[in-house]
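The values are calculated or read from the model by the stated rules, or taken from the named source; none is laboratory data. Here the structure is a predicted model, which means the values were calculated and not measured. Here the Cβ positions follow ideal geometry from the backbone for every residue, glycine too, while neighbour counts run over all protein chains shown. With ligands, DNA and RNA removed, areas are computed over all heavy atoms of the protein, side chains included. Shrake-Rupley method; radii C 1.70, N 1.55, O 1.52, S 1.80 Å.
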Amino acid sequence: MLAQDEFKRAVARAAMRFVQEGEIIGVGTGSTADCFIDELGRSKLQIAGAVSSSKRSATRLAHHGIQLFDLNDVETLSIYVDGADEIDAEFSMIKGGGGALTREKIVAAVAQTFVCIADASKKVERLGRFPLPVEVVPIARAYVMRELARYGAPRLRAGFATDNGNSIIDVHDLKIDDARALEERIDRIAGVVTNGLFAARGADVLLLGTANGVVVSKKSAVGAMDESSRLER
Ligand code: 5RP
């Protein structure tokens, strides 16, 4: 049985087959995204550069000599590669464990294809066991906490500020029946910048690291379609 870290490295390697020479790509944040950045750095493939979803990933990309682009200077991105905290059969996700959810959602919105790279522990039947991160403008913290208490148990992520200078509230014990509806409802609370539900714009491709290798699934019009192609062990 491969360790979780090896699953992460395996999906990061597998994601390289979606990267085209000469393109600008979107890059996510987290330990799995770090593995992907390291693969980019090792690869002989010459990409034009990357748009980063966080300062953390930007630093790692720069360390590998990969040119960074401001999203405002880029019209489209062929792919966005990122991890997830949870992903369901519809390819809706909870993201933001690392607090980069807002920039992740923005960069993902510009990309044509969202490639989610994750180890098998991230695949869930139902979203919500992982606390939902909500980025909040600091003066709205108390109000938003009261509003979020309708849905679950909100807790302020103490001592944490996002790259945008905001706070994160993690909502525990959520019961998510309709991820897209909840994403919209939480976004409508005044003071909320973004929430970590990625349902309106979920992933298009999932590369899941399992003990049997990397399983590739692509989203079809009727939901997730598992091609069950195994790339590597
Ligand atoms: C960061 C994220 C990450 O994609 C998510 O937390 C998964 O991280 P990891 O790859 O370390 O498990 O959304 O904001």
Roll a 1.4 Å probe over the protein heavy atoms and report the accessible area of Phe160 in Å², nearest 10. 70 Å²
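Which value, in debye to the nearest 20, gives the size of the charge dipole of the chain about its Cα centre, when Lys and Arg are +1 and Asp and Glu are -1 at the Cβ?
400 debye
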Need the list of lysines near Lys123 for cross-linking: C-alpha distance under 25 angstrom, and skip anything on the same chain fewer than eight residues off. Lys8, Lys95, Lys105, Lys175, Lys218, Lys219
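First compute the accessible area of region 1-134 with a 1.4 Å probe, then give the percent of it belonging to carbon and sulfur atoms. Intermediate values should be presented prior to the final figure.
Working: 2680 of 5800 Å².
Here carbon and sulfur together make up 46 percent of the probe-accessible area.
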If you line up the long axis of helix 101-110 against the longest principal axis of the chain, both from Cα atoms, how many degrees apart are they, to the nearest 10? 50 degrees
Could you let me know the centre-to-centre spacing of region 127-200 and region 65-95, using Cα atoms, in angstrom? 20 Å
What full-extension length gain, to one decimal in nm, is calculated for Asp177 and Arg17 as 0.36 nm per residue of separation minus the Cα-Cα distance? 54.2 nm
Nearest 10 degrees is fine. How inclined is helix 4-15 to the longest principal axis of the chain, computing both from alpha carbons? 60 degrees
For the Cα atoms of the chain, what angle does the longest principal axis make with the long axis of helix 31-42, in degrees from 0 to 90, nearest 10? 30 degrees
With a 10 Å cut-off between alpha carbons and a GNM built on the chain, which of Asp70, Asp85, Asp173 moves the most? Asp70
Rounded to whole Hz, the Karplus (6.51, -1.76, 1.60) HN-Hα couplings of region 168-181, x for glycine and proline: 10, 10, 9, 9, 8, 6, 7, 10, 9, 8, 9, 4, 5, 5
Sequence of Cys35, Cys116 from largest to smallest accessible area, 1.4 Å probe: Cys35, Cys116
Estimated D of region 1-68 in µm² per second, where Rh is the Kirkwood radius over Cα pairs and Stokes-Einstein applies at 37 °C, 0.692 mPa s: 275 µm²/s
Based solely on its DSSP helices, what 222 nm [θ] is calculated for the chain when runs of n ≥ 4 H residues each add -39,500 (n - 2.57) and the sum is averaged over all residues, nearest 500 deg cm²/dmol? -7500 deg cm²/dmol
Rank Ala179, Ala84, Ala203 by mean-square fluctuation in a GNM of the chain with C-alpha springs under 10 angstrom and give only the top-ranked residue. Ala179
Mean-square fluctuation check for the chain, GNM, Cα pairs under 10 Å: which of Asn72, Asn166, Asn195 is largest? Asn72
Along region 67-82, what does the Karplus equation 6.51 cos²θ - 1.76 cosθ + 1.60 (θ = phi - 60°) give for ³J(HN,Hα), rounded to whole Hz, x for Gly and Pro? 5, 9, 10, 7, 4, 5, 9, 10, 8, 8, 10, 5, 9, 10, 10, 7
Reachable aspartates and glutamates from Lys55, Cα under 20 Å, same-chain residues fewer than 8 places away excluded? Asp34, Asp38, Glu39, Asp70, Asp73, Asp82, Asp85, Glu104, Glu135, Asp163
Using modelled amide H (1.01 Å from N, peptide plane; none on Pro or chain starts), what sits under 5 Å from the amide H of Glu86, excluding residues fewer than 5 places away? Ile94
Hey, can you find the accessible area per residue of the chain for me, probe 1.4 Å, expressed in square angstrom? 47 Å²
Which value, in Å² rounded to 10, gives the accessible area of Met145 with a 1.4 Å probe and all protein chains present? 60 Å²
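Quick one: of the DSSP bridges fully inside the chain, what percent are antiparallel, nearest 5?
60 percent
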Could you state how much accessible area Lys175 has, in square angstrom rounded to the nearest 10, with a 1.4 Å probe and all protein chains kept in place? 140 Å²
Calculated P(r) tail over 33 Å for the chain, as whole % of Cα pairs: 14 percent
